[in-house]
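Only one structure is covered here, and it is reproduced in the block below.
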Amino acid sequence: MVTYSRRFPGWADQVRAARNWMEDLLTTHDGFRVPEDTVASAVLLVSEAATNSIRYTASGRGGTFTVWLHLRRYRITIDVDDEGCPAGGTIPFIRPITPMAQHGRGITLIDYLATAWGPLPHPRTGVTFTLTWATKDTRAA
């Protein structure tokens, strides 16, 4: 397993930086190729988790968030650590949403696209998710 991590300032423009960093790692990693649809899902879910960190935790109030990529053949696990809530930690959960709602779909997307997901184990705060793909070797011929 190979692990990468990067800390980002808790500013809205850093969501794009986290997405770009994740895409670069997944498309340039040596040894095997991550399928394009898995890269796209990972980038989208990093964006959602980073946005939640900034919107709902102390990370967006002058703090930081950290993105971790744990990469192994046929499986990636991504953790997005945040700085928790000042009034006590909140656990990520699926919110009921309406078709016209402008917010609240991030964890729903993670739940739909990820093979598995959940809150990071105590004392860490944030979310972790895993994406897997078919065991067929996808190295370029």
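Bear in mind these aren't lab numbers, they're just calculated from the coordinates by the rules spelled out. In this text, all values refer to a predicted model and were calculated from it rather than measured experimentally. So basically every Cβ, Gly included, is an ideal-geometry build from the backbone, and we count neighbours across all protein chains shown.
Points to keep in mind about this one:
- Residue-averaged 222 nm ellipticity for the chain, from DSSP H runs of 4+ at -39500 (n - 2.57), nearest 500: -10500 deg cm²/dmol
- Under-5 Å amide H pairs with GLY84, H placed in peptide plane, nonlocal only: ALA58, SER59
- Rg over Rh for the chain works out to 0.98, using Cα positions for both radii and the Kirkwood form for Rh.
- What the Cβ-Cβ distance of THR28 and THR115 gives, at R0 = 25 Å and to the nearest 0.05, is a FRET efficiency of 0.60.
- Over the chain, Cα pairs under 8 Å with separation of 6+ residues give a relative contact order of 26 percent.
- The simple Förster model, with R0 at 30 Å and r as the Cβ-Cβ distance, assigns ARG61 and THR108 a FRET efficiency of 0.75.
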